[in-house]
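A.B. asks: Handing you this structure, nothing more for now.
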Amino acid sequence: MSGKVGKKSSKSEVASLAAKIRAKAVENQKQAKKDNKEETLSEEEHVVEKPKKKQDNNENEDEEGESKDVEAFESFTQLNLVPELVQACKNLNYAKPTPIQAKAIPAALEGNDIIGLAQTGSGKTAAFAIPILNKLWEDQQPYYACILSPTRELAQQIKETFDSLGSLMGVRSVCIVGGMNMMDQARDLMRKPHIIIATPGRLMDHLENTRGFSLRKLKFLVMDEADRLLDMEFGPVLDKILKILPVQGRTTYLFSATMTSKIDKLQRASLTNPVKCAVSNKYQTVDTLVQTLMVVPSGLKNTFLIYLLNEFIGKTIIIFTRTKANAERISALSNLLEFNATALHGDLNQNQRTGALDLFKAGKRSILVATDVAARGLDIPSVDIVINYDIPVDSKSYIHRVGRTARAGRSGKSISLVSQYDLELILRIEEVLGKKLPKENVDKDIILSLRDSVDKANGEVVMEMNRRNKEKQARGKGRRGRMMSKDNMDREER
Ligand SMILES: Nc1ncnc2c1ncn2[C@@H]1O[C@H](COP(=O)(O)OP(=O)(O)OP(=O)(O)O)[C@@H](O)[C@H]1O
């Protein structure tokens, strides 16, 4: 149908939709002021109950090494850290340790292996970085610690945390991830950094192929987002790495907001009498996050989404999709309707991925449309709202996605679009959360009035994407085989 619409006329219709949406935004704001009383009521409805503590069959086995009640520390000075680290925490405006830091750092300084479990945005990175840097100060050695991350962007972010915390200690770190030049990385490794932050596939590649590089003397191994790294998808490459690493003399930390308690999985990481430092249960979101859902006929998902973007003009938003194609399409649709979006997914090359994230972080794009490649770990304090355009198949993924907002004590909101096909998935998510998600109030008349224009714009976007894909396929024939190299050992998303 959209093929019959002349390009010129449909473009002007789209432009008029953008104008209509802006006008509606102003109208909505006026209406919101008028409805102040009603809003207060509906906010009350949204107040999230504290989740019930989930029963976990394997919990007893973990409890053996559970750390005692968390001691209250009023400053980092009380943790007996080297002054350079205390000063670095001050420089970062960390006034006092967060609960996971207060629990994990003392246990780590005693030399224990650690299993750290705390909600998204609760400072887990510093909880493992601080004890490593503190020990490194006494015992400076190359290839001292290796931190594994499931995604490239998270690896880069962890490196930045190590660099800031170690800024007064002359710490040298390197980020070894797929999609970047192997030779450059080999050269960086030859400079004998203290800390290596890596995605598993690329690390394995260097362990096998870079002469002079070995982790035989490694003192610390950290698996950030450990449950993800211990998943099937990373299994083979992770097992290969673990076989090469020393067990004697190595301390191991596993951290996540959704830690597995399956003992066989944890055993693969060769932990020795680990202390479990848990400040949340297995599937806990933060209290400052308001979570809602919208029941949406699947054919109207785009229209509901555009309605929401209109409602939240001026806010910083991450939209999660299940597929790379959807991320690309939603980003293009949003831009066509003059919302300011960029896409992040695994079909982009690394420069494009870094570019997209940088634009979003710098506030030059207010909407990031991403697959689960952005679900875990990314710390972008400005994010106000997370929208699940597609409901994640995995409940853990839900916890991580919505955890991209409401970080470090800030407030945030998440909205999940639930179609008739997603009912089972959302019930499962509600079950692990231990609560029902309240429904978002919507103005159905506005949504229906937007429908035709949004569908038309979407038709244009789909046509354009099909055209580009055909071009790409024609260009890429023969090249594909070469592209399927070891880079793809880092399977970052479904
Ligand atoms: N002691 C502290 N005081 C104040 N802010 C802190 C402190 N420690 C860490 N932060 C900040 O809190 C934010 C979240 O930290 P971090 O990214 O380590 O969370 P996380 O628990 O690893 O989250 P996720 O599970 O999503 O990966 C960061 O911006 C970090 O700088």
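A.B. asks: Read through the list (1) of a type outside the set (K, R); (2) out of contact with any Ser or Thr (no Cβ under 9 Å at 6 or more places or on another chain); (3) within 13 Å of the ligand (Cβ to nearest atom); (4) assigned to a helix (DSSP H, G or I), then give the number of the only condition that N134 fails.
C.D. replies: Every listed condition holds for N134 apart from (3).
A.B. asks: Here is a list: K96, K90, K124. Which entry is within 7 Å of the ligand (Cβ to nearest atom), charged (D, E, K, R) and farther than 21 Å from R376 by Cα? Lay out the reasoning, then the answer.
C.D. replies: Details: K90 fails: within 7 Å of the ligand (Cβ to nearest atom); K124 fails: farther than 21 Å from R376 by Cα.
It is K96.
A.B. asks: Just need a number here: residues in the range 206-231 that are acidic (D, E), in a loop (DSSP other than H, G, I, E, B) and at pLDDT below 95. Before you say what the answer is, go through the steps one by one.
C.D. replies: Within the range 206-231, the subset acidic (D, E) is 208, 224-225, 227, 231.
Filter once more, keeping what is in a loop (DSSP other than H, G, I, E, B): 225, 231.
Of the ones still in play, those that are also at pLDDT below 95 are 231.
Of the residues in that region, 1 qualify.
A.B. asks: Scan the range 345-379 residue by residue and report those that are surrounded by fewer than 17 Cβ atoms within 10 Å (Cβ to Cβ) and in a loop (DSSP other than H, G, I, E, B).
C.D. replies: Correct list: D347, N349, A362, G363, K364.
A.B. asks: Scan (1) under 27 Å from T288 (Cβ atoms); (2) away from the ligand (no atom under 16 Å from the Cβ); (3) crowded, with 24+ Cβ neighbours inside 10 Å for the single condition A107 breaks and write down its number.
C.D. replies: A107 satisfies all of (1) under 27 Å from T288 (Cβ atoms); (2) away from the ligand (no atom under 16 Å from the Cβ); (3) crowded, with 24+ Cβ neighbours inside 10 Å except (3).
A.B. asks: Pick out the one residue from G299, G314 that is free of Cβ contacts under 8 Å to residues at least 24 places away in the same chain, away from the ligand (no atom under 16 Å from the Cβ) and surrounded by fewer than 17 Cβ atoms within 10 Å (Cβ to Cβ).
C.D. replies: Values: G314 fails: free of Cβ contacts under 8 Å to residues at least 24 places away in the same chain.
Result: G299 is the single residue among G299, G314 that is free of Cβ contacts under 8 Å to residues at least 24 places away in the same chain, away from the ligand (no atom under 16 Å from the Cβ) and surrounded by fewer than 17 Cβ atoms within 10 Å (Cβ to Cβ).
A.B. asks: For the subset of the range 394-448 comprising residues that are part of a strand (DSSP E or B) and of a type in the set (A, V, I, L, M, F, W, C), which member is nearest to I318 (Cα to Cα)? Write out each step before concluding.
C.D. replies: Going residue by residue through the range 394-448, those that are part of a strand (DSSP E or B) are 412-418, 439.
Within this subset, residues satisfying the condition of being of a type in the set (A, V, I, L, M, F, W, C) are 415, 417-418.
Values: I415: 11, L417: 13, V418: 17 Å.
Per the stated criteria, the residue is I415.
A.B. asks: Being in contact with a helix residue (DSSP H, G or I) (Cβ under 7 Å, 6 or more places away or on another chain) and within 7 Å of the ligand (Cβ to nearest atom) is the filter here, so list the residues in the range 110-121 that pass it.
C.D. replies: Within the range 110-121, A118, T120 qualify.
A.B. asks: So which residues in the range 232-270 are assigned to a loop (DSSP other than H, G, I, E, B), closer than 26 Å to S122 by Cβ and among the β-branched types (V, I, T)?
C.D. replies: Of everything in the range 232-270, those that are assigned to a loop (DSSP other than H, G, I, E, B), closer than 26 Å to S122 by Cβ and among the β-branched types (V, I, T) turn out to be T258, T260.
A.B. asks: So, one more: Test Q141 against the stated conditions and say whether it is outside the structural domain of R353 (by TED's automatic domain parsing), within 16 Å of the ligand (Cβ to nearest atom) and either under 18 Å from L238 (Cβ atoms) or in a loop (DSSP other than H, G, I, E, B) (or both).
C.D. replies: Details: outside the structural domain of R353 (by TED's automatic domain parsing): yes; within 16 Å of the ligand (Cβ to nearest atom): no; either under 18 Å from L238 (Cβ atoms) or in a loop (DSSP other than H, G, I, E, B) (or both): yes.
Here the answer is no, as Q141 does not meet what is asked.
A.B. asks: Only residues that are part of a loop (DSSP other than H, G, I, E, B) and either modelled with pLDDT of 95 or more or more than 17 Å from L427 (Cβ to Cβ) (or both): list them for the range 272-284, please. Working first, answer last.
C.D. replies: In the first step, residues of the range 272-284 are kept if they are part of a loop (DSSP other than H, G, I, E, B); the result is 272-274, 279-284.
Result: T272, N273, P274, V279, S280, N281, K282, Q284.
A.B. asks: Does any residue of the range 160-182 turn out to be within 16 Å of the ligand (Cβ to nearest atom), at pLDDT 95 or above and under 13 Å from Y253 (Cβ atoms)?
C.D. replies: No, that holds for no residue.
The values are calculated or read from the model by the stated rules, or taken from the named source; none is laboratory data. Just so we're clear, the structure is a prediction, and the values are computed from it rather than from any experiment. Positions of Cβ are generated from backbone atoms using ideal geometry, with glycine treated the same way; all protein chains shown enter the neighbour counts.
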